[in-house]
1. Of all residues being assigned to a helix (DSSP H, G or I) and in contact (Cβ under 8 Å) with a residue 60 or more places away in the chain in the range 99-147, which is surrounded by the fewest Cβ atoms within 10 Å (Cβ to Cβ)? Just the residue, please.
2. How about the range 1-20: which of its residues are among the hydroxyl-bearing types (Ser, Thr, Tyr) and surrounded by 15 or more Cβ atoms within 10 Å (Cβ to Cβ)?
3. Please enumerate the residues belonging to the range 174-198 that are more than 16 Å from the chain's Cα centre (by Cα), surrounded by 16 or more Cβ atoms within 10 Å (Cβ to Cβ) and either farther than 22 Å from Arg56 by Cβ or of a type in the set (Ser, Thr, Tyr) (or both).
4. In the range 1-33, how many are closer than 19 Å to Ala82 by Cβ, without any contact (Cβ under 8 Å) to a residue 40 or more places away in the chain and of a type in the set (D, E, K, R)?
5. Can Tyr153 be described as of a type in the set (Phe, Trp, Tyr) and within 20 Å of the chain's Cα centre (by Cα)?
6. How many residues does the range 124-142 contain that are over 15 Å from Leu175 (Cβ atoms) and not aliphatic (A, V, I, L, M)?
7. Kindly indicate which of Ala187, Ala224, Ala194, Ala232 is assigned to a helix (DSSP H, G or I) and within 30 Å of Leu152 (Cα to Cα).
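Since every read-out is calculated from the coordinates, none of them should be taken as a lab result. Only a predicted model underlies this, so the values are computations on that prediction, with no experimental measurement involved. Reconstructed Cβ throughout: ideal geometry from the backbone, glycine too, with neighbour counts over all protein chains shown.
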Amino acid sequence: MLLVEKSDGIAVVTLNRPEAMNALSKALRSELYKAMVALDADDEVSVVILTGAGTRAFTAGLDLKELGSEPGAMGAANAEGADENPVKAIELCRKPVIGAINGVAITGGFEVALACDVLIASENARFADTHARVGIMPGWGLSQKLSRLIGLYRAKELSLTGNFLDAKTACDWGLVNRVVPADDLLAVAKKLAADMATIPVETLSLYKSIIDEGYGLAFTDAMALENRRSTANNRAVTPEAVEARRAAIQARGRTQ
C-alpha cells in the first residue's frame, strides 16, 4: 500500500491504494510514518517526492469506511503521534518533501498536501475541505494553514462550502507552485528534486527549518531566529568552501 523508490538522491513515495482513492487507513498511516523516518535517516536521500497511485486521487484523506466501522477510529483525526498523524510523519522529515498532486486531495488529503514543502499539481488535481460536510473539525492543521496561504476569505469560502478548487485556480491563488500536464507530473517533480539534490542535504535541511520555524513567528522574532541560525552556520564556512561553491554556481548558471 506504500511504494518507495530511490534513485540519484531522490525518493519517490507513492500512496498505493488507488481502489480506495489512496485513503489513509490506519495501516497506510503507519507505513508512511515508517517510510518518512527511514528516509530522514537515509544518507543516500536528499529529497522526497510524495504522490498517489493512479490519476484519480492524491489521497481522499482518512478512510471513512474504517472510521465508520471501527470503535475509536475517529481519534485519528486528532492523533498526536506521528504514526497515526500523517502530517506529523511528513514533518518529521528534515529533508525537502515535494508533493506531486496527481488527483484530488480531499479533507485529510488536503492537509497532507499542505504538509509538503513544494506542491506541483497535475491538471487533474483538485482540492476540497469537506470536514464540515462530514461533521468533523480538522485536526491536522488545515483550519490554520489554509488562510495563511490563500487568505482568510478564500479559505472560508472553501471550508464553509466543501466546494472543489481546480488546479489552475489553486495555482492562481498561490496554493501550488505550478500546474503541469498529468503525463509530465513526476518528471517535473523529479527535475525540481534533482535541482535541490545538488545542494548538500545538511544545507537543505537547515534552510528548510529556518523557513518553517520562522513562518510561525512574529516578523521580529523570525528575523532574530534567522540571525541566530545564520550566525552559527556561517561562522563555520571557510573561504575555500565559498570559492568552490562560487565556481559551481557560475558553471550551473551557464547551463540554465
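1. Restricting attention to the range 99-147, the residues satisfying the condition of being assigned to a helix (DSSP H, G or I) are 108-114, 131-134, 142-147.
Narrowing the set further to residues that are in contact (Cβ under 8 Å) with a residue 60 or more places away in the chain leaves 108-109, 112, 134.
Numbers: Gly108: 31, Gly109: 29, Val112: 29, Val134: 16.
My answer is Val134.
2. Thr14
3. Matches in the range 174-198: Ala197 only.
4. Qualifying residue count for the region: 1.
5. no
6. 8
7. Just one listed residue meets the conditions, Ala224.
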